[in-house]
Amino acid sequence: MSAPADLNIDHVATLARLALTPEEKAKFAQQIGDVLHHIEQLKKVDVSGVEPTAHAAPVFNVWADDVSKPGLSVEAALKNAPAQRDHMVVVPKVVE
Amino acid sequence: MTSEPFYQTIAQLAAALDAKRLSSVDLTKAVIARTKAVEGRVHAFNSFDETDALAQASSSDARRAAGQARGALDGIPIGFKDVIAVTGQPLTASSKMLANFVSPYDATVTTKLKNAGAVVWGRLNMDEFAMGSSTENSANGPTSNPWDLTRVPGGSSGGSAAALAAGEAIATLGSDTGGSIRQPAALCGVVGLKPTYGLVSRFGLIAFASSLDQIGPFARTVEDAAIVLGAIAGYDERDSTSFQTEIPDYRVDLKQRQGPWKLGIPKEYFGEGLDPEIAAAVERTIAFYKGQGCEIKEVSLPHTQYCLDTYYVIATAEASSNLARYDGIRYGHRSQNASDIVDLYFKSRAEGFGAEVKRRIILGTYVLSSGYYDAYYLRAQKVRTLIRNDFLATFRDVDALITPTSPMPAFKIGEKADPLALYLCDIYTIGVNLAGLPGISVPCGFTKSGLPIGAQLIGQPFRESELLAIAHAYEQAHDWKNKFPAL
């Protein structure tokens, strides 16, 4: 397991699409470092031959019938959009 | 027992409604008046809509007058944690990110409670996106514990626990990812049930950690919790992890099932860090069961020391993925200061999320990132298997386990500034989520300074009937349910 010193907060914040202030970066790096230090003890567990558990529900490969059902109206679906026009969400220009 | 309607149980109120001694409108008015009287001190709600609640109550009274009442919940005001969708009502997760969001549809539990005739009442405060153990991480400010207003109610469903303890609802719903129903229930002196993973649909619940989240009731009594559970449990095709199982009549079951039971005491749950007054109260609870002829057996859950770390890897990883949807495009907060579309994502998320949410997104993103996935996330999933196997092994010998719910009683608002110190509040509850088991916290006494204490009972998957019966047996022999905070 990697040491907490490996935490490159700029890289991770970029992956998370999260703009952090210099103060947040310093604070989070220290706090998350403490938590990662605590998590280091997981490497003491012998997990050889152990299958991972993704969730504890005894259901797998759940299929839904391929049948269309009524859903939200366009108005209802767009009701919470920060900006909209002509039944579409308005976003900043993506291509020049 | 107080005669105030807002402090009565669902069972008592349903009898009064059926006997026409009380109307749902009068009951709902009493709850609204109580809420207005105490809310300035408790701050359990993010918002409430009294016109809507009274309209629902009026419909309930009309049904009852026509002989078409739908059962014990018809006309009973039930509060909702502000993370469960109700059509036309705000859904904020106590986050600036969703400050203006209004639900376009009902969660499945909402539909089920509406069908049962319940009065859907209010939006209850919580830690932002259910991340926390004190309800201090709310964009709307903290909720106070009704037993001591300078202390936290626990979290993340602190508003749900505090509202019930203060008489601002007859029962409430919360969600539990690592203890977020059971821990606040213990700190506020009420019953809190986290059902087996898969028993209650998560459709319409804002996702935090999808493999751990489960909706459950807060109630004054175990019987009331059984009534609410019976209404919300059941298979839902819109939640692919919901389980197809027959839902028993929990209320009938809890009275019919009698002990003695075999109860396990996991020795790892009584070690360092446990408040001595809580240890003593739980020991007395164990002694009660022994006196009833139950066989008490010490058991071991050897991977307990790894639960917290396993949880914080898995929960933050899933959260970082689930919260990627909040990008300022289709709904939620959108930054007005962005230069282009990518900058819009970065700034909308920076402005919309609070500190604890950002911390967990960063941690979760890190443990899932290239080069670290096997070391953290995959390893944690494997340790999770060992933790679950520990629990399942004990159930070969015992029917249920008894532990403290929380290592400490309610602490002062602002007392725990360090995230890691706060994470330790959940050490006795998170194993249950990792293993997908049902767990219930029942009041089992008070500290010398008058703060409530809860005992946790942990049951076998999908055997809520038995778990509720065991909890009910204790509750019936004790008077904790008849104690109310001086507000």
Checking the conditions here, which among B:GLY436, B:GLY454 is within 16 Å of the chain's Cα centre (by Cα) and more than 30 Å from B:LYS382 (Cβ to Cβ)?
B:GLY454
Taking segment B:17-74 and keeping only residues that are of a type in the set (Phe, Trp, Tyr) and assigned to a loop (DSSP other than H, G, I, E, B), one is left with B:PHE48
If we scan segment B:325-342, do we find a residue that is closer than 30 Å to B:ILE278 by Cα, hydroxyl-bearing (Ser, Thr, Tyr), surrounded by fewer than 24 Cβ atoms within 10 Å (Cβ to Cβ) and more than 7 Å from chain A (Cβ to nearest Cβ)?
no
Options B:ALA355, B:ALA410: the member that is more than 18 Å from B:SER211 (Cα to Cα), touching a residue at least 40 places away in the same chain (Cβ under 8 Å), surrounded by fewer than 24 Cβ atoms within 10 Å (Cβ to Cβ) and more than 7 Å from chain A (Cβ to nearest Cβ)
B:ALA355
Which one is least open to solvent (accessible area, probe 1.4 Å) among residues in segment B:259-299 that are in a loop (DSSP other than H, G, I, E, B) and without any contact (Cβ under 8 Å) to a residue 60 or more places away in the chain?
B:CYS294
Looking only at segment A:1-19, count every residue that is without any contact (Cβ under 8 Å) to a residue 12 or more places away in the chain, part of a loop (DSSP other than H, G, I, E, B) and at the interface with chain B (Cβ under 8 Å from one of its Cβ atoms) and tell me the total.
5
When every residue in segment B:443-472 that is in contact with a helix residue (DSSP H, G or I) (Cβ under 6 Å, 6 or more places away or on another chain) and part of a loop (DSSP other than H, G, I, E, B) is compared, the one surrounded by the fewest Cβ atoms within 10 Å (Cβ to Cβ) is B:THR447
Among residues of segment A:20-53 being open to solvent by 90 Å² or more (accessible area, probe 1.4 Å) and in contact (Cβ under 8 Å) with a residue 12 or more places away in the chain, the residue nearest to the chain's Cα centre (by Cα) is A:HIS37
Of everything in segment A:1-56, what is out of contact with any Lys or Arg (no Cβ under 8 Å at 6 or more places or on another chain), charged (D, E, K, R) and within 16 Å of B:TYR377 (Cβ to Cβ)? Give them in sequence order.
A:ASP6, A:GLU40
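Can you work out which of the residues in segment B:406-442 that are of a type in the set (A, V, I, L, M) and not in a helix (DSSP H, G or I) is farthest from B:HIS472 (Cα to Cα)?
So the residue we want is B:ALA417.
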Which one of these does B:SER370 not meet: (1) in a helix (DSSP H, G or I); (2) within 11 Å of chain A (Cβ to nearest Cβ); (3) not hydrophobic (A, V, I, L, M, F, W, C)?
(1)
Anything in segment A:59-82 that is open to solvent by less than 90 Å² (accessible area, probe 1.4 Å), in a loop (DSSP other than H, G, I, E, B) and more than 7 Å from chain B (Cβ to nearest Cβ)? List them, or say none.
A:GLY71, A:SER73
Which numbered condition A:ALA16 fails, given (1) open to solvent by 60 Å² or more (accessible area, probe 1.4 Å); (2) at pLDDT 95 or above; (3) of a type in the set (A, V, I, L, M, F, W, C):
(1)
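The values are calculated or read from the model by the stated rules, or taken from the named source; none is laboratory data. Just so you know, these numbers come straight off a predicted model, no measurement behind them. Neighbour counts are summed over all protein chains in view; Cβ atoms, including those assigned to glycine, are modelled from backbone coordinates with ideal geometry. The area values use the complete protein model at the heavy-atom level, side chains included, leaving out ligands, DNA and RNA. Shrake-Rupley method; radii C 1.70, N 1.55, O 1.52, S 1.80 Å.
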